[in-house]
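> Below is one structure. I have some questions about it.
No value in this document is a laboratory result; all are computed from the given coordinates. None of these values were measured; they are calculated from a predicted model. For neighbour counting, all protein chains shown are included, and Cβ atoms are generated from backbone atoms with ideal geometry for every residue, glycine included.
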Amino acid sequence: MNRSVLIGLLGLAVGIIGTRALHAGAVVDPSRQEEERLEFQTQQPWSPRVDLNADVAMVYGIGKTLPARIKDWKDHGYRIHVMTGVAWGNYQDYFYGRWDGTPHKDQAQTRHDGSIRGHGGDVYYMSPGIDYGKYLSEGVLKALDAGATAVCLEEPEFWVDTGWEENFKRQWKEYYHEDWQAPDSSPEAQYKASKLKYYLYRRALAQVFDAVHDYAKKHGREIPCYVATHSLINYAQWRIVSPESSLMDVGCDGYVAQVWTGTSRTPNVYDGVRRERTFDTAFLEYGVMQNLVRASGRRMWFLNDPVEDNPRHNWVDYRTNWECTLTASLLQPEIWRYEIMPWPQRIFMRRYPSATQPSRREPIPKEYETELQAVITAMGDMKQPESAIRWQEAGTQGVGVLVSDTLMFQRGQPMTSDEHLGHVYGLALPLLKHGVPVEPVQIENATAPKFLDRYKVLLLSYVGQKPPSPAFHTALANWVKQGGALVVVDDDSDPFNSVPEWWNAKPLAYKMPREHLFEQLGLPMDFVGSKSVGKGAVIRESASPAKLTYEKDGSTRVRALASEAAKMVGVPWKETEAIVLHRGPYVVAAGLEEGVSDAKTYSLDGHFIPLFDAALPVKTHVEISPGVKSLLVDLDSESLAKEGVIAAACRVTDQQITPDAIKFKVDGLEGSNGVVCVRMSAGPKMVQVRDKKLTTGDFEYSDGLLRIRFVNSAAGAPVEIQK
């Protein structure tokens with residue numbers, strides 16, 4: 001390979017120029033820092049080993065040390081958000097009654113056998129009453145006094161297997177005006193218990209949002225409120241109830257999508273095979289979160305985690321799965337804000353098992369450090385013009401699977417829905433694995449004006465979920481009549497069809513919600529087959545999508561239904577063996593498994609730097625074979641033609657370009673290997689870092705690209721290149 005090309009591409013990895021002012025003289029680019037594109041969360045003070053190329057530090061916890069930690073991170077140039085748990089935290093003052101003189105032990109989430117849901121040590125998941133919301137509000141307001149500019153409330157979670165605590169029994173009577181029923185006593189009781197759990201955390205969050213907004217008004221400030229939450233798909237699979245989409249109605253200004261290896265490696269079933277499918281699951285998890293804010297235009301950050309909560313995996317496992325989730329997140333082109341990691345101290349300052357010697361624990365490999373910094377730099381540049389975003393390779397677009405928050409309401413005994421959430425994966429995976437970038441579509445948003453217009457084909461089942469209101473059916477029927485194709489896969493066997501809800505409440509008297517939908521569509525109640533409806537079409541298969549996941553050819557049946565529906569409304573059906581997306585100068589690619597032959601490979605030709613390769617080599621031919629994930633810098637992109645820094649495994653600030661020299665400043669993780677690539681028309685006369693001239697062993701020039709290598713420092717260093 002041409003050595004000069006290698007150098008140039010390496011420089012390209014530096015592509016995005018960092019913008020946070022950390023040291024005197026650094027220039028702040030307000031377009032990035034004001035937009036708050038990159039953030040991370042931490043409970044610890046600043047350290048040179050966690051000096052990250054991010055705009056926001058989410059300082060975690062509302063305890064006594066919070067003001068000092070806020071000041072520490074702020075002094076190091078970060079904008080400050082405060083983040084604290086909603087369902088759990090170090091809230092012993094509340095739990096034991098030191099806050100208001102009344103113990104609140106009866107608000108700990110409790111199982112049927114009397115055991116309490118704990119979160120480790122003396123920390124418990126709470127069943128929130130009004131006073132709990134007041135307690136959280138008080139702590140959050142103290143954080144605002146200490147200098148936080150935004151509030152992020154983490155994980156409002158109510159476990160499905162709880163609901164036996166005395167507080168929940170009191171809340172049941174107040175909400176339903178009837179005596180409490182054991183949640184596992186009937187499908188009706190389970191559904192009602194989940195609806196109540198959903199309501200209680202929505203109410204608690206609304207209390208905090210109201211308190212923050214009142215504080216902001218009183219102090220003449222704008223203080224956004226965000227919620228860090230797992231995806232609807234993960235919460236349903238893990239049997240947790242959370243308010244999700246309804247938070248936008250009670251003051252939520254945006255979300256952090258907590259999708260990472262720990263959620264996405266949860267096994268599911270496809271064509272009868274149960275296994276981890278980290279990329280596929282992450283794609284759907286990020287997709288449902290992107291869809292959540294599409295109707296409102298509110299903020300969304302996508303989380304990635306270079307390790308995960310489970311400390312028993314090795315570095316190869318962490319790195320491989322991080323690349324899967326990172327790729328999946330970048331394949332959602334509407335989102336360009338990221339939480340680049342949680343808990344950076346556990347990534348860069350802890351040891352994990354070696355891949356080759358599991359009994360030995362070792363720090364993060366140097367190559368992974370470099371890769372992370374190069375990728376983070378690129379993540380800060382993912383806000384690209386719409387005209388610069390295009391799918392190079394993908395199947396039919398405008399295809400979605402309809403999902404509702406009620407997925408979380410049917411996850412408990414006595415008749416829980418499919419253990420592996422097959423009623424979602426059974427419809428979505430057959431399409432995704434054949435290159436169709438299928439989107440989970442939030443049913444609760446479907447009534448928003450023009451929300452469904454982007455879709456050509458939608459798949460729906462009421463196995464495992466229910467429609468929250470009849471207005472959804474009105475919107476869906478109108479969409480079909482205007483030209484949409486609806487595929488209904490439902491065998492009417494779900495026992496939750498009979499729970500007391502709007503479709504069987506007077507004056508309505510339907511046995512199941514599907515009957516109401518078909519009436520809106522003008523179809524017989526027992527319709528099976530395909531039929532044109534207005535300008536659109538409806539296909540119904542009398543089957544459970546969950547049961548199809550256990551059949552060897554179940555995915556083939558679903559794919560055939562979707563392709564037939566597309567053809568009925570004149571939409572060409574396309575399947576591919578890879579998904580490839582251009583985002584400005586970046587190429588995001590995933591080779592797909594299980595849906596295509598392992599012998600099929602998609603190829604890219606040109607000049608690329610693979611950012612998942614710490615050596616940052618130049619590649620003229622990249623093969624996206626099944627299972628391969630790639631984030632590439634496209635050196636042939638017009639946006640990278642100008643002279644200056646084009647890629648870096650560090651942060652680059654204060655760049656100045658004159659006819660005689662290129663100058664800038666660099667900083668990064670203390671002791672890590674830094675790399676900067678600079679486009680130049682001719683080789684440099686001199687390269688200097690930290691006022692020390694580099695030898696030719698530390699820099700290389702070839703084919704218009706200069707690559708400089710050095711050891712990163714959090715204190716930063718000036719770089720000067722004489723032309």
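> Counting other C-beta atoms within 10 Å, and keeping those with at most 13, which DSSP coil GluC sites (Glu not before Pro) do you find in region 166-265?
Details: sites: GLU166, GLU174, GLU178, GLU188, GLU222, GLU244; in loops: GLU178, GLU222.
Sparse-neighbourhood loop GluC sites (Glu not before Pro): GLU178, GLU222.
> So, one more: Students often get this wrong: which residues of region 147-189 have the backbone nitrogen under 14 Å from the point 7 angstrom along Cα-to-C-beta of HIS119?
152-159
> In addition: Using a cut-off of 22 Å between alpha-carbon atoms, which lysines can reach LYS692, once sequence neighbours fewer than 8 places away in the same chain are excluded?
LYS663, LYS665, LYS723
> Follow-up. For region 642-722, what does the equivalent ellipsoid look like in terms of its semi-axes, each the square root of 5 times an eigenvalue of the Cα gyration tensor, given largest first in whole Å? Walk me through the intermediate numbers first.
Values: eigenvalues 69, 34, 27 Å².
With the √(5λ) rule applied to region 642-722, the semi-axes are 19, 13, 12 Å.
> Taking only Cα atoms, what is the 0 to 90° angle, nearest 10, from helix 422-432's long axis to the longest principal axis of the chain?
Compared with the principal axis, the helix lies near 40 degrees.
> Report the per residue volume, in Å³, of the convex hull enclosing the C-alpha atoms of region 282-408. Working shown, then result.
Working: hull volume 19.5 nm³, N = 127.
Looking at region 282-408, the number lands at 153 Å³ per residue.
> Let me ask something additional. Kindly express, to the nearest 10 degrees and within the range 0 to 90, the angle between helix 3-12's C-alpha long axis and the longest C-alpha principal axis of the chain.
The answer is roughly 50 degrees.
> At a 10 Å Cβ-Cβ cut-off, how would you order SER555, SER532, SER296, fewest neighbours first?
Values: SER555 24, SER532 12, SER296 16.
Final ranking by Cβ density, sparse to dense: SER532, SER296, SER555.
> Residues with amide H under 5 Å of GLN109's amide H, sequence separation 5 or more or different chain, H placed in the peptide plane at 1.01 Å from N; which?
Sorted by chain and number, the residues that satisfy this are ARG117, TYR125, MET126, SER127.
> Please name which of ILE721, GLN442, GLN332 has its Cα lying farthest along the dipole of the chain towards the positive end, using unit charges on Cβ (Lys, Arg +1; Asp, Glu -1) and the Cα centre as origin.
Projecting each Cα onto the dipole axis, the largest value belongs to ILE721.
> Explain nothing, just the number: relative contact order of the chain, from Cα pairs under 8 Å at least 6 residues apart, as a whole percent.
Details: 1721 pairs, mean separation 124.2, N = 723.
The normalised contact order for the chain reaches 17 percent.
> What list do you get for VAL711, VAL307 if you sort them by fewest beta carbons within 10 Å?
Lowest to highest Cβ neighbour count: VAL711, VAL307.
> A follow-up question, please. Express in nm, to one decimal, how much length is gained between GLU334 and VAL528 on full extension, taking 0.36 nm for each residue of separation and deducting their alpha carbon distance.
Numbers: separation 194, 0.36 × 194 = 69.84 nm, distance 3.68 nm.
Value of the extension gain: 66.2 nm.
> Between region 186-249 and region 422-449, what is the separation of their alpha carbon centroids in Å?
23
> Using the Cα centre as the reference, give the magnitude of the dipole from point charges on the C-beta atoms of the chain (Lys, Arg: +1; Asp, Glu: -1; all else neutral), rounded to the nearest 20 debye. Write out the running numbers ahead of the final one.
Details: 81 positive and 91 negative charges, 181 e Å.
Approximately 860 debye in magnitude.
> Additional query: Expressed as an acute angle from 0 to 90° and rounded to the nearest 10, what is the orientation of the C-alpha long axis of helix 554-568 relative to the principal long axis of the chain?
Once rounded, one gets 90 degrees.
> Quick one: of the DSSP bridges fully inside the chain, what percent are antiparallel, nearest 5? Could you put the intermediate results ahead of the total?
On the way: 72 of 121 bridges.
Here the share of antiparallel DSSP bridges comes out near 60 percent.
> Right, something else. Do any GluC sites (Glu not before Pro) in region 606-661 lie in a DSSP loop with no more than 14 other beta carbon atoms within 10 Å, and if so, which?
The qualifying sites are GLU643.
> Moving on. Work out Dmax and Rg for region 590-634 from the C-alpha atoms and quote the Rg first, both in angstrom.
11.1, 32
> While we're on this one: Given R₀ = 30 Å, what would the calculated FRET efficiency be for LYS218 paired with GLN43, taking r from the Cβ atoms and rounding to 0.05?
On the way: r = 29 Å, r/R0 = 0.97.
Calculated transfer efficiency: 0.55.
> Just from its helices, what would the mean residue ellipticity at 222 nm be for the chain, if runs of 4 or more DSSP H residues each count -39500 (n - 2.57) and the sum is divided by every residue, rounded to the nearest 500 deg cm²/dmol?
-8500 deg cm²/dmol
> Taking the number of other C-beta atoms within 10 Å as the exposure measure, put ARG514, ARG299, ARG540 in order starting with the fewest.
Details: ARG514 24, ARG299 18, ARG540 21.
Fewest-to-most ranking of ARG514, ARG299, ARG540: ARG299, ARG540, ARG514.
> Let me know the charge dipole size of region 163-254 about its Cα centre in debye, to the nearest 20, where only the beta-carbon of Lys, Arg (+1) and Asp, Glu (-1) is charged. Please list the in-between numbers first.
Numbers: 12 positive and 13 negative charges, 29 e Å.
It comes to approximately 140 debye.
> Any idea how far the Cα center of region 686-721 sits from the one of region 324-348, in Å?
29
> Which whole-Hz couplings ³J(HN,Hα) result when phi for each residue of region 395-404 is put into the Karplus expression 6.51 cos²θ - 1.76 cosθ + 1.60, θ = phi - 60°, listed in order with x for Gly and Pro?
For region 395-404, the Karplus curve yields x, 3, 9, x, 10, x, 10, 6, 9, 10 Hz.
> Where Lys and Arg each count +1 and Asp and Glu each count -1, what net charge lies around MET382 among other residues with Cβ under 10 Å from its Cβ?
Details: positive: ARG37, ARG337, LYS383, ARG583; negative: ASP381.
Taking every other residue near MET382 into account, the sum is +3.
> Hey, if you drop one equal point scatterer on each alpha-carbon of region 395-568 and run the Debye formula without solvent, what base-10 log of I(q)/I(0) do you get at q = 0.10, 0.11, 0.18 Å⁻¹?
Rounded to two decimals, the profile gives -0.34, -0.41, -1.20.
> Turning to a different aspect of this structure: When N is the residue count of the chain, what does its C-alpha Rg come to as a fraction of 2.2 N^0.38 Å?
Details: Rg = 26.5 Å, N = 723, 2.2 N^0.38 = 26.8 Å.
Rounded to two decimals, the normalised Rg is 0.99.
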